[in-house]
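Undergrad: Quick one: this structure, given as structure tokens, is what I'll be asking you about.
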Amino acid sequence: MTYSTQTQPMTVTSYGMFTPEGNYMVGRIVEAAQGLIKLDGDELNAWQFAYKELHKLSFADEFGEATDTAVREEVYEAIVTDHFSIPFYI
């Protein structure tokens with residue numbers, strides 16, 4: 001299965017995925033989670049959302065590494081500012 005995404009390699013942030021398309025897909029999850037924080041200010045809710053979306057993304061053969069620890073750590077750092085009250089392991 002092939003996913004056609006419009007990526008711009010110079011603007012896509014690296015989240016530890018193996019391809020620019022993977023980083024693009026994870027970047028969209030991060031943007032959505034950051035949008036949730038802007039709406040309700042709840043970082044735990046945003047992290048739970050992102051974690052669930054990474055899990056769903058990992059079912060695609062091309063993005064199986066979406067639940068690797070390195071990817072999850074990058075996403076967590078991009079979303080969570082209060083590391084003492086928002087647990088990494090949920």
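Undergrad: In region 69-90, what residues are part of a helix (DSSP H, G or I) and surrounded by 15 or more Cβ atoms within 10 Å (Cβ to Cβ)?
TA: Within region 69-90, V71, R72, E74, V75, Y76, A78, I79 qualify.
Undergrad: Would you please name the residue that is modelled with the lowest pLDDT, looking only at residues in region 45-68 that are open to solvent by 70 Å² or more (accessible area, probe 1.4 Å) and assigned to a helix (DSSP H, G or I)?
TA: Of everything passing the filter in region 45-68, D61 is modelled with the lowest pLDDT.
The values are calculated or read from the model by the stated rules, or taken from the named source; none is laboratory data. Since this is a predicted model, take the numbers as computed values, not measurements. Backbone-built Cβ (ideal geometry, glycine too); neighbour counts: all protein chains shown. When the accessible area is computed, the model is the full protein with side chains, heavy atoms only, and any ligands, DNA or RNA have been set aside. Shrake-Rupley method; radii C 1.70, N 1.55, O 1.52, S 1.80 Å.
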